[in-house]
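The values are calculated or read from the model by the stated rules, or taken from the named source; none is laboratory data. The model shown is predicted, which means the values in this text are computed figures rather than measured ones. Note that we place each Cβ from the backbone using ideal geometry, even for glycine, and neighbour counts take in every protein chain shown. What goes into the accessible areas is simple: the full protein's heavy atoms, side chains included, and nothing from ligands, DNA or RNA. Shrake-Rupley method; radii C 1.70, N 1.55, O 1.52, S 1.80 Å.
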Amino acid sequence: MTEILALPAFDDNYIWLLRARGCVAVVDPGDAAPVLAHLERSGDRLCAILATHHHGDHVGGLAEILARFPVPVFGPALENIAGVTHALSGGERIELPEIGVELEVIAVPGHTRGHIAYYGPNIDDDGALFCGDTLFGAGCGRLFEGTPAQMQESLAKLAVLPAPTLVYCAHEYTQGNMRFALAVEPGSVAVQRRSENVAEDRAKGRATIPTRIRIELETNPFLRWDAPAVRAAAASRLGHLPADAVETFAAIREWKNRF
Ligand code: ZN
Ligand code: FE
């Protein structure tokens, strides 16, 4: 059984650990210190590092960790990340034999050019997705290097994963994102309920991550390009009905940038 642990980093990052049989794989170690502290405290052995994209808050700890533990590093082929030993462009299947986990690599360009996500269908009963800065709780990453069409296509690949899949994104952004989700769909009971739950979780210091694909499909405006209320919200920004999912997504993303 694979355990998944969160190491909080910086203001709102999560560094995820996949752990079994005294071994761990670490996802997006933006900072080495919490990872090294975990290894020291637990006696766990590091077996691999997985990177989703090149931003410093995701890979900034690589050099320091690798200096102590020279393990395989999986990362996006399209991005220049020092230390990557296994370059991935999506469609691959990777194995982490020490912890008995297999992951499917999904190309999700948009936030960055080469961004990849890791999906483990057999982690837990429900499966787990490590998606970096692509899909967030009630949100999605900013389009730094990609187009709205790319990001919408990337999110659509995640949206079709099994509904119960646990979503481990890299930031605790859900509460702020819910304020925007409420502005997009003020009449949605699902969004209102989630908003209350998230506010309560945060007030008690609890993480809102992992979330699930099902919850995102119901409440995340960046996956709801087909929902009439979201199309209507996009139309009111655009001044005309959006032609398709990409135009809806682009209008909602643009609105969020100024929200
Ligand atoms: Zn990022
Ligand atoms: Fe980030």
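One line per residue, one yes/no per condition, for (1) among the charged types (D, E, K, R); (2) farther than 22 Å from Thr165 by Cβ; (3) within 15 Å of ligand 1 (Cβ to nearest atom):
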| site | (1), (2), (3) |
| --- | --- |
| Leu5 | no, no, no |
| Phe10 | no, yes, yes |
| Ala33 | no, yes, no |
| Leu36 | no, yes, no |
| Pro70 | no, yes, no |
| Ile94 | no, no, no |
| Thr112 | no, yes, yes |
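Can Ile99 be described as closer than 18 Å to Ile15 by Cα, open to solvent by less than 10 Å² (accessible area, probe 1.4 Å) and away from ligand 2 (no atom under 16 Å from the Cβ)?
Considered against the rule, which asks whether it is closer than 18 Å to Ile15 by Cα, open to solvent by less than 10 Å² (accessible area, probe 1.4 Å) and away from ligand 2 (no atom under 16 Å from the Cβ), Ile99 comes out as yes.
Would you tally the residues in region 117-143 being within 15 Å of ligand 2 (Cβ to nearest atom), of a type in the set (Val, Ile, Thr) and more than 10 Å from the chain's Cα centre (by Cα)?
Matching residues across region 117-143 total 0.
Under the condition of being open to solvent by 50 Å² or more (accessible area, probe 1.4 Å) and out of contact with any strand residue (DSSP E or B) (no Cβ under 7 Å at 6 or more places or on another chain), which residue from region 150-160 is nearest to ligand 2 (Cβ to nearest atom)?
The selected residue is Gln150.
Which one of these does Ile15 not meet: (1) of a type in the set (Val, Ile, Thr); (2) open to solvent by 20 Å² or more (accessible area, probe 1.4 Å); (3) within 16 Å of ligand 2 (Cβ to nearest atom)?
(2)
Would you call Gly56 within 16 Å of ligand 2 (Cβ to nearest atom), within 20 Å of Ile116 (Cα to Cα) and surrounded by fewer than 24 Cβ atoms within 10 Å (Cβ to Cβ)?
So Gly56 fits the description; yes.
Checking Phe10 against (1) within 16 Å of ligand 2 (Cβ to nearest atom); (2) farther than 25 Å from Asn177 by Cβ; (3) open to solvent by 20 Å² or more (accessible area, probe 1.4 Å): exactly one of these is not met. Which one?
(2)
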